[in-house]
Amino acid sequence: MAAEGWICLWGWGRRCLGRPGLPGPGPGPTTPLFLLLLLGSVTADITDGNSEHLKREHSLIKPYQGVGSSSMPLWDFQGSTMLTSQYVRLTPDERSKEGSIWNHQPCFLKDWEMHVHFKVHGTGKKNLHGDGIALWYTRDRLVPGPVFGSKDNFHGLAIFLDTYPNDETTERVFPYISVMVNNGSLSYDHSKDGRWTELAGCTADFRNSDHDTFLAVRYSRGRLTVMTDLEDKNEWKNCIDITGVRLPTGYYFGASAGTGDLSDNHDIISMKLFQLMVEHTPDEESIDWTKIEPSVNFLKSPKDNVDDPTGNFRSGPLTGWRVFLLLLCALLGIVVCAVVGAVVFQKRQERNKRFY
């Protein structure tokens, strides 16, 4: 287990050099020879950008042959989405635009990793731009809506790259990346920037960058990890790491963006899906993964979390039921103390009578 953790840490720490635009975890060319020999065959299980792990039917790669084509219908798009030879522009830097692009093939991989090369840029200055990009792994596709250009009350996973703080009281520093898992029962609250349904998040300065910006989403054996490479250092930086996440197979990958009174160009340069070679137990293999309900085994409800500028969670404010429980516990404590005090007092009285 220790060696496995070491390997994963090494793999996530560096993008594969020599492959422009492809941030793939795995040892780079500076890896010492003795380390490669030591890792041996186990490194083959780590996604390193090799074509054998790349699932082209779920990947969006220039020159985008499969987009909107009847002969190679790999991806569909709608709304304001515009295709060029260099990028897929979900929205232009104009008000009230919505656009999305969706993979045509459902994904039946249990363990996967998506690398996204994206760019958010525009003429708006500080706090005068919006709204952001959403990356999806959901049951439904090509359904427009109010959540960054896609539907609310979705089933599946969403990663929001939010550039504008709608909640003026927030302590978050924007742009901000957050994660939400939904079984269709939750609604994304734009006025609170999704705070009540957010599982985890981090600040990420990706807007108007002079260099390439990347994001990686890894899902394996219930663990969801989001990493960023935004500083042109050729290294992944941890953003989100959650365990206990349950996602079914057979859902669709997509990306969407939306603008309102404020706007930005929201561009997707590539989306590359890699299969993770992970062994599962016989019990796990016997599960019908297509019928799993999206869920998270959380110790506490996301609604009990409030903002932390570091991107972490701390305990939330006292809600009505919490106040009631605290008062009840305090009352019970007073009663217990009174009873114990009365018993002790009575015994002392009886003891004093024996001496008279």
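Just to be sure before I move on: is PHE174 part of a strand (DSSP E or B) and among the aromatic types (Phe, Trp, Tyr) in the structure I sent? Spelling it out, it is not the case that PHE174 is part of a strand (DSSP E or B) and among the aromatic types (Phe, Trp, Tyr). Checking each residue in region 263-297 for being surrounded by 10 or more Cβ atoms within 10 Å (Cβ to Cβ) and assigned to a loop (DSSP other than H, G, I, E, B) picks out SER263, ASP264, LEU276, MET277, VAL278, HIS280, ILE287, ILE292, GLU293, PRO294, ASN297.
Of all the listed residues (ASP131, ASP193), the sole one being within 22 Å of LEU262 (Cβ to Cβ) and either surrounded by fewer than 17 Cβ atoms within 10 Å (Cβ to Cβ) or in contact (Cβ under 8 Å) with a residue 60 or more places away in the chain (or both) is ASP131. The listed residues are GLY244, GLY250, GLY260, GLY254, and the only one of them that is touching a Pro at 6+ places or on another chain (Cβ under 9 Å) and either small (Gly, Ala, Ser) or surrounded by fewer than 17 Cβ atoms within 10 Å (Cβ to Cβ) (or both) turns out to be GLY250.
Whether any residue in region 154-167 is at pLDDT 95 or above, closer than 29 Å to LEU276 by Cα and charged (D, E, K, R) is what I want to check. Within region 154-167 (the criterion being at pLDDT 95 or above, closer than 29 Å to LEU276 by Cα and charged (D, E, K, R)), the answer is yes, since at least one residue qualifies.
If I ask for residues that are aliphatic (A, V, I, L, M) and within 25 Å of VAL278 (Cβ to Cβ), which ones from region 107-140 would you list? Answer for region 107-140, where residues must be aliphatic (A, V, I, L, M) and within 25 Å of VAL278 (Cβ to Cβ): LEU109, MET114, VAL116, LEU135.
Looking only at region 103-128, which residues are assigned to a loop (DSSP other than H, G, I, E, B), crowded, with 17+ Cβ neighbours inside 10 Å and charged (D, E, K, R)? Within region 103-128, LYS110, ASP111 meet the criteria. Report yes if some residue within region 163-171 is touching a residue at least 60 places away in the same chain (Cβ under 8 Å), more than 14 Å from the chain's Cα centre (by Cα), surrounded by fewer than 18 Cβ atoms within 10 Å (Cβ to Cβ) and assigned to a loop (DSSP other than H, G, I, E, B); otherwise report no. Yes, some residue in region 163-171 is touching a residue at least 60 places away in the same chain (Cβ under 8 Å), more than 14 Å from the chain's Cα centre (by Cα), surrounded by fewer than 18 Cβ atoms within 10 Å (Cβ to Cβ) and assigned to a loop (DSSP other than H, G, I, E, B). Can you tell me which residues in region 261-274 are of a type outside the set (A, V, I, L, M) and either in contact with an Asp or Glu (Cβ under 6 Å, 6 or more places away or on another chain) or within 24 Å of ASP212 (Cβ to Cβ) (or both)? Listed by number, the residues that qualify are SER263, ASP264, ASN265, HIS266, ASP267, SER270, LYS272, PHE274.
The values are calculated or read from the model by the stated rules, or taken from the named source; none is laboratory data. Model, not experiment: these values are computed from the prediction. Cβ atoms come from the backbone with ideal geometry, glycine included; neighbour counts cover every protein chain shown.
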